[in-house]
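Enquirer: To start, I am sharing the structure in question, which I have written as structure tokens.
Only the coordinates and a few stated rules stand behind these numbers; no lab work does. As the structure is a computational prediction, the values presented were derived from the model and not from experiment. Please note: Cβ atoms are built from the backbone with ideal geometry, for glycine as well, and neighbour counts cover all protein chains shown.
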Amino acid sequence: MTIATLTRPWEAMSYGFLDASAKRELRRKMLKAIAVPGCQMPYASREVPMARGWGTGGLQVTLTLLKPSSVVKVIDQGADDSVNAASIRSFLSKVSGARETWDTTEATLIQSRHRIPEERLRADQVLILQVPNPEPLRPVEPNMSVARQMHADADYGRLWLILYEQIVRSGRVMQGAAYPSLVNGRHVMTPSPIPRWDVPKLHMAQHLTFLSAGREKRLYAVPPFTRVEPLVFSDVPYQVEDHAALTCHRSGMTGYFMNEIPQEDGSSAFELSDSHLGIKAIRQAEGAAVKIGPTWYENGKMPQ
Amino acid sequence: MAYVATRGGERAIDQSERLYRAELGQIDAARVAEIRLALPMLIDRVMGEASLYEPDLAALALAQAGGDLYEAVLLLRAWRTTQPRLTIAEPVLQDQLFTHRRISAAFKDIPGGQILGPSLDYAHRLLATGVLQGQPYMPTPVDPAATPAPAHQPSLAAWQKAQGLVADPARTEVAPDDIPDLTREPLLFPAQRAHTLQSLARADTGGMLALGYSAMRGYGNAHPTVNELRLAEAEVRVRHPRGTVFSAGRVKVSQAEVTSKGKSGLLELGFCATLGWNEVKVISGATLDLNAPGAAKGSPVEEEFFLYHTEPVEASGFCIHFKLPHYVTFQSSLDALRGAKTATPTQPEKVPA
């Protein structure tokens, strides 16, 4: 017997880049996150070959979930061809052998920055949201150890207060993206800076969502069929962006979240933010055999 | 459609990277060797912030990043984190360090003596412009002292402890495997002492100086006196699987201990050490450590504040991430803004006549 027969041949990197000890720690924290929905779990958050703030938290979760049979989609602001999405997607497939896709219905893993696709996710799909700031209490309490205590006490009064102040000052809730939401009736989380349009897609969803902040070293989860309720007053209903009546100037689709493109003449044109949904709609109109999956919103409305 | 042109996916990012690398040209072993030889202080700084002691890899990272320090540190950290931890070296005590330089500002002379060692502190900072005119600069050779200073020096704090000037808490023996490791665990607050010191050791030199300097100028409570500053080499003593303890080599380390009169009536100490020789970093770090106990939440000398904000990889990454598109978030805010404009304006407050 020689030492060579007892060891595996040397390889430049582990499968899926992260070494086994990093993956083990992440899996433990991911399981904990599922067990306590919406509660932020601190994790070591290893350095990865990308800069912090560029999706390193989402990347670590995705790298841990990847297997050779995975089909992976990566979007940034809704677009598959955005430069950073392209960079992350090619890294993921390079280190895992997983197949790349742009089609939401085909993907098994979807890593996203700031959007949830418009097509409904199924129970066999996992959504990984990149999170810049995991702490919904940051605007009222920048100190992380104090904020942690406030979560433990479910002390969310100051969050309600800023919403109330916004209504008093501006006549409406002024929170844009990253709308604070109560998960499973216990922990307030930030759903990451997804638009308000996307938050209802997390409520009682069939799919599992991980939210991971690499720089801040926190991950949390929304398991399937979990309540996700935006913080609202009973007499001031939750308002998504006023996009229901907008039409995409490229695909002709109406009733989804749009990007606004300022025009030379002072007006605005709109295009679907979910870029591949737009591509599919255009190709379908051209007669290609493309299937658009059922969408969360129907005629610009989220069915109750 | 100017914006759409900045997308373009994989081809665009590939070409953009090529454009950057074209500027740096060919990187070969000779360039890396020259960087290692010519820039030892920079190598030390990068190794400290990367918490990886490997001068060749540090020189390679600097070459590959074209001298961008944050990029070089990220390259090394990303490489380091995938490497297995083979063993944990034995702790090194101050009096076991192979000391090159050791000074104290607290006393005129100290047991073991003031040893200046290599320093530019008293040099006149004149640019040797002759070099550019073809006259190479040759450093004047050192005249060795008749009796060399002893390689090992006692710790000044040990003398102060014996005098009853400094609190001397009992040392707790921790098994090597039980020493908390910041690179394998998240930093939580209140931080474990080991995490604090590890975090200071790998902190960004410039960031630590900025916050440390703010404390020195008066935004901290304690004025630091340099109790002891040391540049040294530490023996990396590890245990062979058969049980023999042996030295795997030496690493350059720097450490600073600063002191100030505490409320307890004793001297209080702040401490910082790092891999490589980097005096500005350890003095700044020790000053922050000295000021940390009891600091107000949100003040720059509060531990959570300075440890979070001097993390070079996190801070630089987040700063450059603002270059990424944010149009979805922006659209969402725009919608709220327009909604507020059309909502019934609130009644103006009635001013009493």
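Enquirer: Starting from the Cα of B:Leu165, step 7 Å along the direction of its Cβ; do the same at A:Ala289; then give the gap between the two resulting points in nm.
Expert: Here the modelled spin labels are 8.8 nm apart.
Enquirer: For chain B, state the semi-axes of the equivalent ellipsoid (square roots of 5 times the eigenvalues of the alpha-carbon gyration tensor), sorted largest first and rounded to whole angstrom. Walk me through the intermediate numbers first.
Expert: Numbers: eigenvalues 342, 200, 103 Å².
Taking √(5λ) for each eigenvalue gives 41, 32, 23 Å, largest first.
Enquirer: Here's a follow-up. Count the net charge of all other residues whose Cβ sits under 12 Å from the Cβ of A:Leu231, scoring Lys and Arg as +1 and Asp and Glu as -1. Walk me through the numbers before you get to the answer.
Expert: Working: positive: A:Arg158, A:Arg196; negative: A:Glu229.
Value of the local net charge: +1.
Enquirer: For region A:241-304, with equal point scatterers placed on the C-alpha atoms only and solvent neglected, what are the log10 I(q)/I(0) values from the Debye formula at q = 0.15, 0.26 1/Å, to two decimals?
Expert: Log10 of I(q)/I(0), two decimals: -0.48, -1.14.
Enquirer: Full-extension gain between B:Ala105 and B:Arg193, please, as 0.36 nm times their residue separation minus the C-alpha to C-alpha distance.
Expert: Details: separation 88, 0.36 × 88 = 31.68 nm, distance 2.58 nm.
Length gained, B:Ala105 through B:Arg193: 29.1 nm.
Enquirer: Please compute, for peptide B:314-324, the average count of beta-carbon atoms on other protein chains lying within 10 Å of each residue's beta-carbon.
Expert: On the way: counts 10, 3, 3, 9, 8, 3, 4, 9, 2, 3, 11.
The per-residue average across the peptide is 6.
Enquirer: Using Cα centres only, tell me the gap between region B:252-320 and region A:64-137 in whole Å.
Expert: 39
Enquirer: How big is the convex hull of the Cα atoms of chain A, per residue, in Å³?
Expert: Measuring per residue, one finds 167 Å³ for the Cα hull of chain A.
Enquirer: Let me ask something else. Please compute the alpha carbon radius of gyration of region B:40-127, then divide it by the globular-protein estimate 2.2 N^0.38 Å. Two decimals is fine. Before the final figure, lay out the partial values.
Expert: Numbers: Rg = 17.4 Å, N = 88, 2.2 N^0.38 = 12.1 Å.
Working it through for region B:40-127, the quotient is 1.45.
Enquirer: Taking N as the number of residues in the protein assembly as shown, what is its alpha-carbon radius of gyration divided by 2.2 N^0.38 Å? All intermediate terms of the calculation are to be shown ahead of the outcome.
Expert: Working: Rg = 28.7 Å, N = 657, 2.2 N^0.38 = 25.9 Å.
Rg over 2.2 N^0.38 Å, computed on Cα atoms: 1.11.
Enquirer: Within region A:47-72, whose backbone N sits under 19 Å from a point 7 Å along Cα→Cβ of A:Arg8?
Expert: A:63-70
Enquirer: Each residue of region A:192-200 in turn: what ³J(HN,Hα) in whole Hz from Karplus with 6.51, -1.76, 1.60 and θ = phi - 60°, glycine and Pro shown as x?
Expert: 6, x, 6, x, 4, 3, 8, 4, x
Enquirer: Using unit Cβ charges (K, R positive; D, E negative) and no other charged atoms, how large, in debye to the nearest 20, is the dipole of chain A about its Cα centre?
Expert: Working: 35 positive and 31 negative charges, 259 e Å.
The dipole of chain A has a size of about 1240 debye.
Enquirer: What is the Cα coordinate range of region A:67-215 on the first, second and third principal axes, sorted by size from largest, in whole angstrom?
Expert: Sorted largest first, the three principal extents are 50, 33, 29 Å.
Enquirer: Let me ask something additional. Would you be so kind as to identify which of A:Ala269, A:Ser145, B:Leu97 lies farthest towards the positive end of the dipole of the protein assembly as shown, taking Lys and Arg as +1 and Asp and Glu as -1 on Cβ and the Cα centre as origin?
Expert: Highest projection toward the positive end goes to A:Ser145.
Enquirer: Can you pull the semi-axes for region B:2-80, root of five times each eigenvalue of the Cα gyration tensor, sorted largest first, whole Å?
Expert: Numbers: eigenvalues 164, 43, 17 Å².
Rounded to whole Å, the semi-axes are 29, 15, 9.
Enquirer: What list of ³J(HN,Hα) values in whole Hz, one per residue of region B:196-208 in order, does the Karplus curve 6.51 cos²θ - 1.76 cosθ + 1.60 (θ = phi - 60°) give from phi, with Gly and Pro shown as x?
Expert: Working through the residues one at a time gives 4, 5, 5, 5, 5, 5, 9, 6, 5, 4, x, x, 5 Hz.
Enquirer: With just the Cα atoms defining each centre, how far is region A:1-40 from region A:236-304? Give it in Å.
Expert: Each part's Cα centre sits 40 Å from the other's.
Enquirer: Note down the net charge around A:Leu163, summing +1 for each Lys or Arg and -1 for each Asp or Glu among other residues with Cβ under 14 Å from its Cβ.
Expert: Numbers: positive: A:Arg158, A:Arg169, A:Arg172, A:Arg196; negative: A:Glu165, A:Glu229, A:Asp235.
Once positives and negatives cancel, what remains is +1.
Enquirer: Computed FRET efficiency, Cβ-Cβ of B:Asp178 and B:His309, R0 25 Å: what is it to the nearest 0.05? Provide the component values of the computation, followed by the final result.
Expert: Working: r = 29 Å, r/R0 = 1.16.
Efficiency at R0 = 25 Å is approximately 0.30.
Enquirer: Once R0 is set to 22 Å, what does the formula 1/(1 + (r/R0)^6) return for the Cβ-Cβ distance between B:Thr342 and A:Gln166, expressed as a FRET efficiency to the nearest 0.05? Working shown, then result.
Expert: Details: r = 15 Å, r/R0 = 0.70.
The formula returns an efficiency of 0.90 here.
Enquirer: Measure nothing fancy, just the Cα-based angle from helix B:29-38's long axis to the longest principal axis of chain B, in degrees from 0 to 90, nearest 10.
Expert: Approximately 70 degrees, to the nearest 10.
Enquirer: List the aspartates and glutamates whose Cα sits under 13 Å from the Cα of A:Lys301, skipping any in the same chain fewer than 8 residues away.
Expert: A:Glu118, A:Asp198, A:Glu241, A:Asp242
Enquirer: While we're here: What ranking of A:Ser112, A:Ser90 emerges when the number of other C-beta atoms within 10 Å of each C-beta is taken as an exposure proxy, fewest first? Intermediate results must be reported in sequence, preceding the final value.
Expert: Numbers: A:Ser112 24, A:Ser90 16.
Fewest to most other Cβ atoms nearby, the residues stand as A:Ser90, A:Ser112.
Enquirer: Let me ask something additional. How fast does region B:149-209 diffuse by Stokes-Einstein, in µm²/s, taking the Kirkwood radius from C-alpha pairs at 20 °C and 1.002 mPa s?
Expert: Numbers: Rh = 14.8 Å.
Roughly 145 µm²/s, to the nearest whole number.
Enquirer: Right, another one. Hey, what's the Kirkwood Rh for region A:41-127 if you take every pair of different alpha carbons, in angstrom? List each step's numbers first, then the result.
Expert: Numbers: mean 1/r = 0.0767 Å⁻¹.
So the Kirkwood estimate lands at 13.0 Å.
Enquirer: For region B:181-248, give the magnitude of the charge dipole about the Cα centre (Cβ charges: +1 Lys/Arg, -1 Asp/Glu; no others), in debye to the nearest 20.
Expert: 180
Enquirer: Here is a follow-up. May I ask you to sort A:Tyr238, A:Tyr297, A:Tyr220, B:Tyr20 by Cβ crowding, counting other Cβ atoms within 10 Å and putting the fewest first? The partial results should precede the final answer.
Expert: Numbers: A:Tyr238 15, A:Tyr297 20, A:Tyr220 27, B:Tyr20 10.
Least to most surrounded, the residues fall as B:Tyr20, A:Tyr238, A:Tyr297, A:Tyr220.
Enquirer: Right, another one. Give me the angle, in degrees from 0 to 90, between the Cα long axis of helix B:279-291 and the longest principal axis of the Cα atoms of chain B, rounded to the nearest 10.
Expert: Helix B:279-291 sits roughly 80 degrees off the main axis of chain B.
Enquirer: Still on this model: What does the charge count near A:Glu135 come to, summing +1 for each Lys or Arg and -1 for each Asp or Glu among other residues with Cβ under 14 Å from its Cβ? Mind dumping the intermediate values first?
Expert: Numbers: positive: A:Arg138, A:Arg148, A:Arg158, A:Arg215, A:Lys217, A:Arg218; negative: A:Glu141, A:Asp155, A:Glu216, B:Glu304.
That works out to +2.
Enquirer: Moving on. Can you tell me the orientation of helix B:55-64 relative to chain B, as the angle in degrees between its alpha-carbon axis and the longest Cα principal axis, to the nearest 10?
Expert: 30
Enquirer: A further question follows. List the pairs from A:Lys29/A:Lys201; B:Lys161/B:Lys263; B:Lys252/B:Lys281; A:Lys94/A:Lys201; A:Lys67/A:Lys280; B:Lys108/B:Lys261 whose alpha-carbon separation is above 22 Å, in the order I gave them.
Expert: Flagged as over cut-off: A:Lys29/A:Lys201; A:Lys94/A:Lys201; A:Lys67/A:Lys280.
Enquirer: Hey, how much of the P(r) for region B:238-353 falls beyond 20 Å, as a percent of Cα pairs? Don't jump to the answer; show the numbers that get you there.
Expert: Working: 4708 of 6670 pairs.
Cα-Cα pairs in region B:238-353 separated by more than 20 Å: 71 percent.
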